[in-house]
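Please treat every number below as a calculation from the coordinates, not as lab data. Treat the numbers as computed from the prediction; the structure is a model and nothing was measured. No Cβ is skipped: glycine too gets one built from the backbone with ideal geometry, and neighbour counts run over all protein chains shown.
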Amino acid sequence: MVVEEGWQMGSLSEELEAREAAARAQVEELEAELAELSGKLELARESLKRRRITRETVPRSGRCWSRWT
């Protein structure tokens, strides 16, 4: 019976280690995705900022801008 209990504990320990490794891998994957999305968000914010500045500046300059010219 002692051997069987030891085997169960080893099995449980291995299972817990496997689950921890899987959770760690998921955290690392999500952190990488977050870093990528944070970079994309920063670029989008900069683009929005430039477009707002352009929209505010163009009417004051007295020029007529056309999208197709």
What distance in nm separates the two pseudo spin-label positions at residue 27 and residue 57, each 7 Å out from Cα along the beta-carbon direction?
4.5 nm
Residue by residue through the range 18-34, the couplings from Karplus 6.51 cos²θ - 1.76 cosθ + 1.60 with θ = phi - 60°, in Hz, x for Gly and Pro, are 5, 5, 5, 5, 5, 5, 4, 5, 5, 4, 5, 5, 5, 5, 5, 4, 4
Excluding residue 21 itself, calculate the net charge of residues whose Cβ lies under 13 Å from the Cβ of residue 21, where each Lys or Arg counts +1 and each Asp or Glu counts -1.
-4
